[in-house]
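Input: a single structure, listed below in structure tokens.
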There are 2 protein chains.
Amino acid sequence: MPEIAVDPDFVERTILEMGRYGAYADTGVWRTVYSPEWVQATDQYAAWCAEAGLAVTRDAVGNVWGRLEGSEPGPSIVSGSHIDTQRPGGRYDGTLGALAGLIAIRALKEQFGRPKRTLEALSLCEEEGSRFPSTNFWGSRAITGRIAPGDAEAMKGYADETMADAMRGVGLDPAAIPSARRDDIDSFVELHIEQGPILEHAGLPVAVVDAITGIRHYSVVLTGEQNHAGAFPMDLRRDPMAGFAEITTGVINTAHRMGRPAVTTVGRAVVDPNGPAVVPRSVAFTVDARHPDPAQRAILYRRHEALMREVAERRGLEISWTHYVDHAPCLSDPGLVATFQDAAREQGIPFMTMPSGAGHDSQQMASIAKVVMIFVRSKDGRSHTPEEFSSIPDIVAGIRTLAAGLYKLAY
Amino acid sequence: MPEIAVDPDFVERTILEMGRYGAYADTGVWRTVYSPEWVQATDQYAAWCAEAGLAVTRDAVGNVWGRLEGSEPGPSIVSGSHIDTQRPGGRYDGTLGALAGLIAIRALKEQFGRPKRTLEALSLCEEEGSRFPSTNFWGSRAITGRIAPGDAEAMKGYADETMADAMRGVGLDPAAIPSARRDDIDSFVELHIEQGPILEHAGLPVAVVDAITGIRHYSVVLTGEQNHAGAFPMDLRRDPMAGFAEITTGVINTAHRMGRPAVTTVGRAVVDPNGPAVVPRSVAFTVDARHPDPAQRAILYRRHEALMREVAERRGLEISWTHYVDHAPCLSDPGLVATFQDAAREQGIPFMTMPSGAGHDSQQMASIAKVVMIFVRSKDGRSHTPEEFSSIPDIVAGIRTLAAGLYKLAY
């Protein structure tokens, strides 16, 4: 297999220039879907696709496609990610994957000409849920036909505008959303920053992702008896704060002891009435528990639920919970995993294979295509912040891995 | 010693009538200091004092005094409590003590005539801090000279009005506050509902209170590293929620194991950023720890602080705390404790001796007088709620104990 050349200076210029649209303070980007900055960024992406000799189309939700037609018929091989950011996010989360797809296909075209299979670079319009809290994966959900009629009118943003109005504001017609659906994609390959510290700790620039973790959010309410903090003895209390603390310690220890890649997080707690001199009436909290292996995931959840029930019963507390997020693990296609492992190996790029602990557009795309992801090392494991950073050598290693894998699939 | 007669019907009528001023829903009372309801209640208290043949005066902050002059000179023996309530509170917290002082002195006057020592019934204007959060104990602090010049102008209410304006609104002059100071009180006896379940569990109507607990509020901030809940492995986290949970479990278990009357409460927690899928950056929380014995209190605090430091260091978290409340225990006068124990015993009233886990005006009054308290059983240990309740037989037992003790001191 030939060595794929990717120009580091071009990569750096492209990232920095894209970071200007919605630039926030020194290194941040604030670019929510359908904002003026988002319009500028998608226009820029489309212009770069055209400049690379790709056929540019925009679909009904504002995803931008840059198509390099293959010499043989058949479904496409697509690479990209989302171009929207957190408020503020950085230059890399999402955007890097959209740019990587474009840069890789451009490099392949320049170095190897027309492919046999059609390749497409993709800028997805939205993934972060940073303007419409209930609307993340908007771009990939449109492509996979997972947006229901009326959704755009019903969904409200943080500023109370509807998704439909936001679309109309940038010249898109919500009624046309079904036309964004694609049924001719064979494989979707998404490059993304890791967002965690595993590659950094392993001393490696790149990973091939073999699964996206399964995730469940428990929303738990633990109710006891509100009492005076001074006058009510310890032995007679039914204190939900004590139960909450014991559950939190227990679920965190359970995931820690199960070992990587199990993770459990208690990120949110709301105490009622939350007074310093009052034994609380209730504590509402979340338990976010993730594992990419379906069997291990079931064990993790069973242990969490058994612990929550046991603590509540022993302490005389009422407990109830709902799952407001519950996604099964998304396994990468084994063939694609092998292809991209081989690609990295043959390009001389040191890599590891790991699951993703975060959710990604690939989970949606998996409903219509084979998927795989490539991770690039994140400095200090940071993301969703202006401080997120990946080095140009690491990014180039990621894009070369991507391009080499696409070469294997398409040439 | 003669048996003291207290008429249960009169007691019940008096309580229900006073509960009409600021009546809230069925059984609640909402009567903050210097409100129109408060004016009506203090007028009623003054009228009842006059009706009982006591000489009525009102001081500069609106405390109402009903004086029964003794035949011999010397400092007064005073009994009362505060007439303001929580928002809403019930009919008993505070008010019962103001009424009990009046009813007891009235009964003594009717049954035994003029005392040797001067007796005074007292309605204190404010204790709850329910209108001015930083202004509790306003009535007893005026009497003990603990209000600094300018305090009334500086203190702001929940509705942003100043204490000085609230005083002027009911015809009081803030400049006259120093005139409320008293230096001629020998003993202060405060009857109050227990606000806890100890008497109920012991099956007793009444307690003599030998100490008011020492209290310290720690305001703690625990800071770690904010990270992605999916992408950051358990073994690399510096999670302040995990530290908070371990500290909460530890301080609660420490107080529980130390046994009654030690109490420690974590009543307030504020998580930043408080998102379900984010390992938090910080958790701010309170630790309210109380013990009436000075030596045991020091041990309790030392254990809490050692635990907090150890957990923070082991988990790589930053920790800092301040004490925004730190009151030493207030010991009742041993002679008064013995007097009221004897009084209950001789009246045939079953009682126990216990500390108070809650703060009371007596703590302030202890700076100028000997103090003791009498507790009356609370249904389910409830207070600061419309549901608080004490039965008329229990209240009568409390007032008879009070009156019998006052008889011993004054006749």
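The values are calculated or read from the model by the stated rules, or taken from the named source; none is laboratory data. The model shown is predicted, which means the values in this text are computed figures rather than measured ones. Cβ placement follows ideal geometry from the backbone for every residue including glycine, while neighbour counts extend to all protein chains displayed. The area values use the complete protein model at the heavy-atom level, side chains included, leaving out ligands, DNA and RNA. Shrake-Rupley method; radii C 1.70, N 1.55, O 1.52, S 1.80 Å.
Could you tell me whether B:LEU102 is of a type in the set (A, V, I, L, M), within 16 Å of B:ILE185 (Cα to Cα) and either touching a Gly at 6+ places or on another chain (Cβ under 7 Å) or not assigned by TED's automatic domain parsing to the domain that holds B:ILE83 (or both)?
Taking the combined requirement at face value, the residue does not satisfy it.
Among the residues of the range B:312-323, write down those that are open to solvent by 40 Å² or more (accessible area, probe 1.4 Å) and over 30 Å from the mean Cα position of the chain (by Cα).
Within the range B:312-323, B:GLU313, B:ARG314, B:ARG315, B:GLU318, B:ILE319 qualify.
Kindly indicate which of A:PRO197, A:PRO174 is closer than 25 Å to A:ASP333 by Cα and touching a helix residue (DSSP H, G or I) at 6+ places or on another chain (Cβ under 6 Å).
Result: A:PRO197 is the single residue among A:PRO197, A:PRO174 that is closer than 25 Å to A:ASP333 by Cα and touching a helix residue (DSSP H, G or I) at 6+ places or on another chain (Cβ under 6 Å).
Being open to solvent by less than 30 Å² (accessible area, probe 1.4 Å), over 26 Å from A:HIS201 (Cα atoms), in the same structural domain as B:VAL372 (by TED's automatic domain parsing) and within 29 Å of the chain's Cα centre (by Cα): is that true of B:LEU336 here?
Criteria met by B:LEU336.
Any chance the range B:15-25 includes a residue that's within 23 Å of B:ILE349 (Cα to Cα), out of contact with any helix residue (DSSP H, G or I) (no Cβ under 7 Å at 6 or more places or on another chain) and assigned to a helix (DSSP H, G or I)?
No - not one qualifying residue is present in the range B:15-25.
Quick test of your reading of the structure: A:ASP326 fulfils all but one of (1) open to solvent by 40 Å² or more (accessible area, probe 1.4 Å); (2) part of a strand (DSSP E or B); (3) over 23 Å from A:GLU190 (Cα atoms); (4) among the acidic types (Asp, Glu). Name the failing condition by number.
(3)
Among the residues of the range A:142-150, are any within 14 Å of chain B (Cβ to nearest Cβ), over 24 Å from A:GLN347 (Cα atoms) and under 23 Å from the mean Cα position of the chain (by Cα)?
So far as the range A:142-150 goes, no, none of its residues is within 14 Å of chain B (Cβ to nearest Cβ), over 24 Å from A:GLN347 (Cα atoms) and under 23 Å from the mean Cα position of the chain (by Cα).
What strands (runs of 3 or more DSSP E), lying completely within the range B:255-311, carry at least 3 residues that are assigned by TED's automatic domain parsing to the domain that holds B:ASP235, touching a helix residue (DSSP H, G or I) at 6+ places or on another chain (Cβ under 7 Å) and open to solvent by less than 10 Å² (accessible area, probe 1.4 Å)?
B:282-291
Please determine whether any residue of the range B:190-209 is open to solvent by 10 Å² or more (accessible area, probe 1.4 Å), small (Gly, Ala, Ser) and either more than 30 Å from B:GLU69 (Cα to Cα) or without any contact (Cβ under 8 Å) to a residue 12 or more places away in the chain (or both).
Yes, the range B:190-209 contains a residue that is open to solvent by 10 Å² or more (accessible area, probe 1.4 Å), small (Gly, Ala, Ser) and either more than 30 Å from B:GLU69 (Cα to Cα) or without any contact (Cβ under 8 Å) to a residue 12 or more places away in the chain (or both).
Quick one: A:ALA41 ticks every box in (1) of a type outside the set (D, E, K, R); (2) crowded, with 24+ Cβ neighbours inside 10 Å; (3) more than 15 Å from A:GLY19 (Cβ to Cβ) except a single one, so which number is it?
(3)
Can you find a residue in the range B:220-235 that is crowded, with 23+ Cβ neighbours inside 10 Å, touching a helix residue (DSSP H, G or I) at 6+ places or on another chain (Cβ under 8 Å) and hydroxyl-bearing (Ser, Thr, Tyr)?
Looking through the range B:220-235, none of the residues is crowded, with 23+ Cβ neighbours inside 10 Å, touching a helix residue (DSSP H, G or I) at 6+ places or on another chain (Cβ under 8 Å) and hydroxyl-bearing (Ser, Thr, Tyr).
What residue, among those in the range A:221-238 that are more than 7 Å from chain B (Cβ to nearest Cβ) and charged (D, E, K, R), is nearest to B:GLY89 (Cα to Cα)?
A:GLU225
Taking the range A:353-411 as the region of interest, how many residues are over 30 Å from B:ARG281 (Cα atoms), open to solvent by 10 Å² or more (accessible area, probe 1.4 Å), touching a strand residue (DSSP E or B) at 6+ places or on another chain (Cβ under 8 Å) and not in a helix (DSSP H, G or I)?
4
Quick test for you: out of A:GLU120, A:GLU110, A:GLU194, A:GLU128, pick the one residue that is modelled with pLDDT of 95 or more and under 14 Å from the mean Cα position of the chain (by Cα).
A:GLU194
Out of B:ALA242, B:ALA289, B:ALA269, which single residue is at the interface with chain A (Cβ under 8 Å from one of its Cβ atoms), under 30 Å from B:GLY196 (Cβ atoms) and either touching a Pro at 6+ places or on another chain (Cβ under 6 Å) or modelled with pLDDT of 95 or more (or both)?
When all the criteria are applied, what remains is B:ALA269.
Just to check your reading of the model, which residue among B:ALA142, B:ALA121, B:ALA100, B:ALA104 is under 20 Å from B:VAL371 (Cβ atoms) and either in contact with a Phe, Trp or Tyr (Cβ under 8 Å, 6 or more places away or on another chain) or among the acidic types (Asp, Glu) (or both)?
Going through B:ALA142, B:ALA121, B:ALA100, B:ALA104 in turn, the sole match is B:ALA121.
Say we look at the range B:339-349 and pick out the residues that are under 14 Å from B:VAL209 (Cα atoms) and either within 14 Å of chain A (Cβ to nearest Cβ) or not aromatic (Phe, Trp, Tyr) (or both); which of these is surrounded by the fewest Cβ atoms within 10 Å (Cβ to Cβ)?
B:ASP342
Kindly indicate the residue of the range B:66-75 that is without any contact (Cβ under 8 Å) to a residue 60 or more places away in the chain, open to solvent by 10 Å² or more (accessible area, probe 1.4 Å) and not charged (D, E, K, R) and also nearest to B:ASP186 (Cα to Cα) among those meeting that condition.
Checking each candidate, the answer is B:PRO73.
Just to verify a result, which residue in the range A:245-254, among those that are open to solvent by less than 10 Å² (accessible area, probe 1.4 Å) and more than 7 Å from every other protein chain (Cβ to nearest Cβ), is nearest to B:THR322 (Cα to Cα)?
Here the residue is A:ILE247.
What single numbered condition from (1) touching a residue at least 60 places away in the same chain (Cβ under 8 Å); (2) open to solvent by 50 Å² or more (accessible area, probe 1.4 Å); (3) among the β-branched types (Val, Ile, Thr) fails to hold for B:VAL56?
Status for B:VAL56: all satisfied but (1).
Report yes if some residue within the range B:78-96 is at pLDDT below 95 and out of contact with any Pro (no Cβ under 8 Å at 6 or more places or on another chain); otherwise report no.
yes
If A:GLY28 meets every condition in (1) over 21 Å from A:ILE185 (Cα atoms); (2) open to solvent by 10 Å² or more (accessible area, probe 1.4 Å); (3) among the small types (Gly, Ala, Ser) apart from one, which number is that one?
Only one criterion in (1) over 21 Å from A:ILE185 (Cα atoms); (2) open to solvent by 10 Å² or more (accessible area, probe 1.4 Å); (3) among the small types (Gly, Ala, Ser) is unmet by A:GLY28, namely (2).
Determine whether B:SER282 is under 30 Å from A:VAL220 (Cα atoms) and among the polar types (S, T, N, Q).
Answer is yes for this residue.
Out of curiosity, is B:GLU3 among the acidic types (Asp, Glu) and touching a Phe, Trp or Tyr at 6+ places or on another chain (Cβ under 7 Å)?
no
Any idea which of (1) among the β-branched types (Val, Ile, Thr); (2) closer than 30 Å to A:ALA104 by Cα; (3) within 21 Å of the chain's Cα centre (by Cα) is the one A:VAL170 doesn't satisfy?
(3)
Let me confirm something: among A:PRO8, A:PRO36, which residue is at negative phi and out of contact with any Pro (no Cβ under 9 Å at 6 or more places or on another chain)?
The match here is A:PRO36.
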